[in-house]
Amino acid sequence: MAASTETTGSLESGSRALSTQRRRQAILDAALECFSTIGYDQTTLADIRRKAGASTGSIYHHFGSKERIAASLYLDGLRQTQEAGLAALLHTRTARTGIGAQVGAYIDWVVDHPALATFLFAMRRAPFLDDDEPAIAELNTDTHERAARWIADRVAAGELPDLEPAMRWALVYGPCRHWAGSWLRGTTTTSPDVAKRQISTAVYAALQALI
């Protein structure tokens, strides 16, 4: 009987956690839609509440303010881009395929999430992120540390130069972000597939030149 009670309690706890996560995500999705269509400055908590179908109490419980919603949305988007690139990288075995995987994962994410990508580009220096700079730095550090072994192995094999993480990330993702910004604005005719091929080739060559 005790085991059965514990199992039931665990299931109920898991169900509540899932419901809470869904409510949180519904608020974030609604906020992104409002920010994308109305504009961040013009969006109110009432707009987000109506779009999400949430109560005022639920919004304050999960976030507390429009600024905290926006900051959470930014951090979630940043985490998604980093996880996509890291997962792609760690499934490869050579520098060439790893770079191609990182470039491809980033561009694919932008193409699949244009509204969130636009939000990330537009809001990087927004005042609502001031208190979250340590969290952003922690995300970046965690990503670098999780990629460190893969990179060290490629450096030891003579496939990559020994660079500090910030420099390597700038060389890999700088061109990706430049193309992505142009694509989101509609100012490039280069397709995502061509961009992935050309950028990964150029980044690999640039890194090889530094060995």
Scan the stretch 73-99 for residues that are in contact with a Gly (Cβ under 8 Å, 6 or more places away or on another chain) and small (Gly, Ala, Ser) and jot them down.
ALA88
With respect to TRP150, determine if the residue is farther than 18 Å from GLU83 by Cβ, at pLDDT 95 or above, out of contact with any Phe, Trp or Tyr (no Cβ under 8 Å at 6 or more places or on another chain) and open to solvent by less than 50 Å² (accessible area, probe 1.4 Å).
no
Return yes when TYR40 is modelled with pLDDT of 95 or more, under 24 Å from the mean Cα position of the chain (by Cα), open to solvent by less than 30 Å² (accessible area, probe 1.4 Å) and not small (Gly, Ala, Ser) and no when it is not.
no
Got a sec? Which of ASP162, ASP142 is open to solvent by 60 Å² or more (accessible area, probe 1.4 Å) and under 22 Å from the mean Cα position of the chain (by Cα)?
ASP142
So how many residues does the stretch 167-189 have that are in contact (Cβ under 8 Å) with a residue 12 or more places away in the chain and open to solvent by less than 60 Å² (accessible area, probe 1.4 Å)?
11
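The values are calculated or read from the model by the stated rules, or taken from the named source; none is laboratory data. All figures in this text were calculated on a predicted structure; none of them were measured in a lab. Every residue, glycine as well, gets a Cβ built from its backbone with ideal geometry; the counts of neighbours run over all protein chains shown. Calculation scope for accessible area: heavy atoms of the full protein, side chains included, ligands and nucleic acids excluded. Shrake-Rupley method; radii C 1.70, N 1.55, O 1.52, S 1.80 Å.
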